[in-house]
Each structure stands twice: as C-alpha cells, then as structure tokens.
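In what follows, a structure is listed as structure tokens, so that the remarks can point back to it.
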Amino acid sequence: MIFEAVMLICFGAAWPFSIWKSYSSRKNDGKSLLFLCIVLLGYISGIIYKIAHNYNAVILFFILNAVMVAVDIGIYGRNKRMENKPGPA
C-alpha cells in the first residue's frame, strides 16, 4: 500500500503544474487530449479496482489525481475554443 501511495503522490505532484501552465498560457501547445483521456481512464480503473477488491485510503489519491486530470481536460477544451475563436478583424 505504501508504494502505491508514493507512486500516486509522485504522479499527482505534476498535475497542478500542468493545470497552471494550461490555464495561464491559454494554449494547448505540447498537450495531447488522447494522452489525458488515457491517463484519466487509468485513474478511473484504479478507483474501480479499489472499490471492488482492495478498498483503502489510497483511493483518495486515485480520486484526487482523476479530478486534476479532468480539470486539465476541461482547460484543454477551453483553450481549444479560444484558439478556434476568430480574432478581431
């Protein structure tokens, strides 16, 4: 359990920086929606496994990471709309 928690904490530590970069730059440069969706699917799978087979406190890290990835996906969508919006003529 401890190694699983450390892994999730380490992975999760990067998401706030990714979210801030996406939000403040207003661009999706270097971002992949497919990658974000795959990572989110992985976290959701971990949550389902924890609920079904091995429920413990580590589920909170899965949930926190999944929420951060979902936020990053939302910002990706916002940035995409902003990039596609025609500028002033």
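Read the figures in this text as sums done on the coordinates, not as results from a lab. What you see is a predicted model, and the numbers here were worked out from it, not measured in a lab. Reconstructed Cβ throughout: ideal geometry from the backbone, glycine too, with neighbour counts over all protein chains shown.
Close lysine pairs were tallied over the chain: pairs 8 or more places apart or on different chains with Cα atoms under 20 Å apart number 6.
Rounded to a whole number, what is D in µm²/s for segment 32-73 from Stokes-Einstein with the Kirkwood radius over alpha-carbon pairs (25 °C, 0.890 mPa s)?
On the way: Rh = 10.3 Å.
After rounding, the answer is 238 µm²/s.
Applied to segment 60-68, the Karplus parametrisation 6.51 cos²θ - 1.76 cosθ + 1.60 on θ = phi - 60° returns per-residue 3J(HN,Hα) values of 4, 5, 4, 5, 4, 5, 4, 5, 5 Hz, with x for Gly and Pro. Using R0 = 30 Å, the C-beta based FRET efficiency linking K85 and I38 works out to 0.60. Note on the chain: Kirkwood radius taken over Cα pairs, Stokes-Einstein applied at 10 °C and 1.306 mPa s, translational D equal to 112 µm² s⁻¹.
Charged side chains reduced to their Cβ positions (Lys and Arg at +1, Asp and Glu at -1) give the chain a dipole of some 420 debye around its Cα centre. Here the contact order of the chain, divided by its residue count and restricted to Cα pairs under 8 Å and six or more residues apart, works out to 45 percent. The residue list I2, I63, G30 was ranked by how far each Cα lies along the charge dipole of the chain toward its positive end, using unit charges on Cβ atoms, and G30 comes out on top.
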